[in-house]
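Note sheet for the following structure.
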Amino acid sequence: MAGSGLRAACGIVSAGLALGVAELVSVPVGAGSAPLAAIGATVVDHTPDGVREWAIDTFGTDDKMMLYLLMGVVALIVAALAGVVERTGRPIGSVVLGAFGIGAAWAALERPSANWTWALPSLVGVALAIVVLRWLIRRYEAAGAPMRGGAAAPDPLKATAAQDVRSQGDDARLSARGAAWPRVVKPDVAQVDRRHVMRGIVGVGVLAVAAGIAGRVLGASARSVAGERAAVRLPPPNVPVPPVDPAADLRIPGLTPYLTSNSDFYRIDTALTVPQVSKETWSLRIHGMVDREILLDYADLARRPSVERLVTLTCVSNPVGGDLIGNASWLGYRLDELIAEAGPHPDADMVLSRSADGFTAGSPLAALTDGRDALLAVGMNGEPLPVEHGYPARLVVPGLYGYVSATKWVTELEITRFDRAQAYWTRRGWSERGPIKTGTRIDTPRGAVRAGKVTIAGVAWAQHRGIDAVEVQIDNGPWQPARLAAEPSVDTWRQWSYDWDAPAGTHTVRARATDGTGTVQTAQVADVIPDGASGYPSRTIRVG
Ligand SMILES: Nc1nc2c(c(=O)[nH]1)N[C@H]1C(S)=C(S)[C@@H](COP(=O)(O)O)O[C@H]1N2
Ligand SMILES: [Mo]
């Protein structure tokens with residue numbers, strides 16, 4: 001390995017040790033306090049909308065993985081450079097590492113759930129990394145030149161400098177000595193010394209990996225709420241969902257089922273690691289413009305009447321034809337009742353819900369109190385909420401996109417006003433109100449089909465208004481009514497199908513829905529930002 005390569009390796013293993021040790025220190029401090037997690041979360045919060053859009057478009061739900069990969073590559077480069085520039089008498093690399101440690105500590109302190117101890121993982125890790133880097137570099141500089149094949153001509157000007165190479169440690173001089181003064185320092189001695197450096201590097205590297213793995217494993221098991229969730233017994237709903245009408249499910253191959261299973265349900269949130277919120281420490285505070293603050297814990301909920309409701313959730317980032325939409329039965333507690341107990345002031349118009357990880361959504365107070373089935377949900381499809389869908393409790397509001405209503409891991413409802421408070425995505429350029437736009441999707445067929453009878457089918461949604469009609473258009477022909485499946489609730493999507501006698505050739509199929517108020521969905525094409533995509537879905541089908 002060339003000299004700068006060894007120096008780079010010293011930097012990389014030292015920084016690796018910082019990350020590994022930080023991971024260990026973060027176990028008692030708290031999830032998200034380790035440097036990469038803290039920096040990642042801060043980056044997510046401060047990414048300009050354009051970049052964010054591009055990342056979601058390009059990587060889809062792998063966007064978080066890509067962020068970690070990117071941070072890993074940057075960390076690797078910075079660590080290698082820190083090693084290359086570090087000198088015994090000139091600790092530039094140490095300063096670089098120190099700056100990163102302070103930056104990471106600052107990012108950790110900025111997290112919504114942070115206290116001062118959140119700085120510790122980064123600071124302890126980096127302090128140790130600096131000590132180890134200095135030690136490795138001293139070892140390296142004491143070891144002498146890496147042996148290079150094809151000896152360079154000796155540089156007479158460097159001849160004297162080479163004598164005190166042990167205290168200077170400049171790569172050029174080192175190689176001059178190694179190549180040209182084999183009798184001054186015996187090559188076998190230099191090689192032994194280099195092995196000494198390599199052993200140091202490998203040793204630190206092993207420690208770094210061991211600390212990192214131990215930290216991850218201990219952290220995951222210490223914080224995971226998977227065990228307690230598995231033991232939760234949901235109260236039987238006082239008002240259960242009647243069994244779903246079989247006529248809601250047309251059971252056409254390729255058509256999305258009426259109910260989405262928990263494992264197939266889309267997941268969208270800003271959390272880099274899924275928040276682990278124990279029901280033992282969870283509480284919900286209703287406060288702000290209210291007559292009396294309310295504080296509820298999980299046990300209080302069990303004493304309240306519960307309901308079960310079918311509601312289709314939709315993400316504002318769902319493009320036309322996209323799959324960021326899912327339908328489930330939700331078990332929970334009526335928000336209108338909870339909010340009424342707090343006594344909201346007449347001039348309040350917004351409920352700012354806040355999650356354990358600092359996400360906020362701003363919902364119109366009216367949408368949560370107008371009699372629709374807006375819920376504080378604890379169950380999903382007959383199970384306790386999956387951890388990634390908000391365990392132990394989340395909001396579900398029919399008719400509003402998730403970003404303005406569906407707060408997972410919810411801990412607070414602040415009754416306030418739209419002219420006083422701004423929610424997470426509104427601050428980032430998305431609309432402050434997010435009613436769901438009437439939409440439809442063509443699920444089948446995809447690609448090529450045989451000429452003859454072809455069933456075109458899909459789902460349509462206009463939550464809380466319901467779907468009254470779906471029409472299909474072939475090749476700019478007239479709009480034809482589709483057959484509608486049963487609609488167990490106006491708060492869910494509705495399946496539709498259309499039997500088409502398909503002639504050979506390439507055809508374009510479009511669909512559009514009419515909601516329960518008689519309004520046809522808009523043909524106007526809009527991007528997802530700022531308030532949801534619109535336009536008719538279309539599909540090109542080759543009939544052979
Ligand atoms: N705590 C928290 N809750 C959140 C979000 C989030 O980022 N953090 N994202 C919202 C968005 S944009 C959507 S679309 C829904 C998605 O819910 P799901 O992941 O259960 O499908 O959650 C909402 N609730
Ligand atoms: Mo969303």
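If Rh is defined by the Kirkwood formula over all Cα pairs and Rg also comes from Cα, what ratio Rg/Rh do you get for segment 347-444? Using Cα coordinates only, the ratio equals 0.99.
Within the chain, the longest run free of GluC sites (Glu not before Pro) that sit in a DSSP loop with at most 16 other Cβ atoms within 10 Å is 294-544. Only lysine pairs 8 or more places apart, or on different chains, with alpha-carbon atoms under 27 angstrom apart are counted in the chain, and they number 5. Restricting the calculation to alpha carbons of segment 378-500 gives Rg and Dmax of 19.1, 60 angstrom.
The HN-Hα couplings worked out from phi for segment 199-211 by the Karplus form 6.51 cos²θ - 1.76 cosθ + 1.60 (θ = phi - 60°) are 4, x, 5, 4, x, 5, x, 4, 4, 4, 5, 4, 5 Hz, whole numbers, x standing for Gly and Pro. Run the paramagnetic zone check for Gln524: 7 angstrom along Cα to Cβ, then residues of segment 445-476 with backbone nitrogen under 20 Å. Of the residues in segment 445-476, 461-463 have backbone N under 20 Å from the label point off Gln524. Here the 3J(HN,Hα) profile of segment 77-85, calculated from phi with Karplus coefficients 6.51, -1.76 and 1.60 at θ = phi - 60°, is 5, 4, 5, 4, 4, 4, x, 5, 8 Hz, Gly and Pro shown as x. Converting phi to 3J(HN,Hα) with the Karplus coefficients 6.51, -1.76 and 1.60 and the offset θ = phi - 60°, segment 381-387 yields 6, x, 10, x, 3, x, 4 Hz in sequence order, with x at every glycine or proline. Here the chain carries DSSP beta bridges of which approximately 90% are antiparallel, counting only pairs with both residues inside. For segment 432-528, chymotrypsin sites (Phe, Trp or Tyr not before Pro) are listed when DSSP marks them as loop and at most 16 other Cβ atoms sit within 10 Å of their Cβ; the list is Trp479. Near Phe418, the amide H atoms lying under 5 Å from its own belong to Asp349, Met350; only residues 5 or more places off or on other chains count, and H is placed 1.01 Å from N. In this structure the amide hydrogen of Ala393, modeled in the peptide plane, comes within under 5 Å of the amide hydrogens of Trp409, Val410, none closer than 5 places in sequence on its chain. Multiplying the residue separation of Ile102 and Thr517 by 0.36 nm and removing their Cα-Cα distance gives an extension gain of 143.7 nm.
Each semi-axis of the equivalent ellipsoid for segment 1-98 is √(5λ) with λ an eigenvalue of the Cα gyration tensor; in descending order they amount to 29, 18, 12 Å. Close amide-amide hydrogen proximity is noted between Ala469 and Thr514, each under 5 Å apart and 5 or more residues distant or on a separate chain (H modeled in the peptide plane; Pro and chain starts excluded). Using the Cβ-Cβ distance between Ala366 and Thr506 with R0 = 56 Å, the FRET efficiency computed as 1/(1 + (r/R0)^6) comes to roughly 0.70.
Residue separation of Glu293 and Asp49 scaled by 0.36 nm, minus their Cα-Cα distance, works out to 84.3 nm of gained length.
Ligands, DNA and RNA are left out, and with a 1.4 angstrom probe the accessible area of segment 387-447 is 29 Å² per residue. Equivalent-ellipsoid semi-axes for the chain (Cα gyration tensor, √(5λ), whole Å, largest first): 58, 31, 19.
Applying a DSSP loop filter and a limit of 11 other Cβ atoms within 10 Å to the trypsin sites (Lys or Arg not before Pro) in segment 210-281 leaves Arg233, Arg251. Share of carbon and sulfur in the accessible area of the chain stands at 59%, probe radius 1.4 Å. Subtracting the Cα-Cα distance of Thr281 and Leu70 from 0.36 nm times their residue separation leaves 72.5 nm of extension gain. Using a simple spin-label model with pseudo-atoms 7 Å out from Cα toward Cβ, Asp63 and Arg233 lie 4.2 nm apart.
The values are calculated or read from the model by the stated rules, or taken from the named source; none is laboratory data. Because the structure is a prediction, the values reported are computed rather than measured. Heads up, the Cβs are rebuilt from the backbone with ideal geometry, glycines too, and the neighbour counts pull from every protein chain shown. Just the protein is used for accessible areas: all its heavy atoms, side chains included, with ligands, DNA and RNA removed. Shrake-Rupley method; radii C 1.70, N 1.55, O 1.52, S 1.80 Å.
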